Amino acid sequence: MRGFIRWALTATGVAALGFGIAIPAATASATAPPACTTTVNWIGLPGNGHAGGVQVQLEFSNTGRVSCTLHGHPGVTQMYHGKQVGLPARWGGTAATVTLKPGATAHAVLNVTDAGILCSRPRPSDSLSVIAPGLKTAWPDPFQSSACPGESVMLVGPVRAGVGVPFYTIS
């Protein structure tokens, strides 16, 4: 069987050469950068307020010395005195893989709806807990809002290349 496959590939290559078609030689595939681990920090920067809520830019920066990748949506929960309030953010949009060189930043957009619109007894929230895609450690950030028990008032998009806030830098 292996001899047949090798012969078929050789015959195809010879036939292709007869028609002036170039077949690229097999090359070693480049190794993709590893998934980001502990080299990512994040900061939530308020963006645009809108009727019924606010949009927050979540900035993720590679503080390590090698390139790494992020894929998917960050995990976001509202906290009050260190305890989760409401359900985590829902995910929207299609995920893609973003490669971060050392010092580079990616972002995700978080929309937080005013809890008073969605429930009759909103509870206060004093921070957001954010986990970058693929990581296991959450980082808190002060953020005053309100949450609804048993439901989510947040929608977060996937991580995208580049900064969400113009001129944002980690240095």
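The values are calculated or read from the model by the stated rules, or taken from the named source; none is laboratory data. What you are looking at is a predicted structure, and each value in this text was computed from that prediction instead of being measured. Cβ: placed from backbone, ideal geometry, glycine included. Neighbour counts: every protein chain shown.
Some notes on this structure:
- When region 57-92 is filtered for residues that are more than 15 Å from the chain's Cα centre (by Cα), aliphatic (A, V, I, L, M) and assigned to a loop (DSSP other than H, G, I, E, B), the ones remaining, listed by number, are Val66, Leu87.
- Residue list for region 114-153, restricted to those being hydrophobic (A, V, I, L, M, F, W, C) and part of a strand (DSSP E or B): Leu128, Val130, Ile131, Trp139, Phe143, Ala147
One line per residue, one yes/no per condition, for (1) touching a residue at least 60 places away in the same chain (Cβ under 8 Å); (2) surrounded by 21 or more Cβ atoms within 10 Å (Cβ to Cβ):
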{"position": "Thr63", "(1), (2)": "yes, no"}
{"position": "Ser67", "(1), (2)": "no, no"}
{"position": "Gly103", "(1), (2)": "yes, no"}
{"position": "Arg121", "(1), (2)": "no, no"}
{"position": "Ser125", "(1), (2)": "no, yes"}
{"position": "Leu135", "(1), (2)": "yes, no"}
{"position": "Gln144", "(1), (2)": "no, no"}
{"position": "Gly157", "(1), (2)": "yes, no"}
{"position": "Val163", "(1), (2)": "yes, no"}
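- Of all residues in region 143-162, those satisfying the criterion of being over 17 Å from Ala95 (Cα atoms) and within 22 Å of the chain's Cα centre (by Cα) are Phe143, Ser152, Val153, Met154.
- Only a single item in (1) modelled with pLDDT under 85; (2) part of a loop (DSSP other than H, G, I, E, B); (3) touching a strand residue (DSSP E or B) at 6+ places or on another chain (Cβ under 9 Å) is not met by Asn48, and it is number (2).
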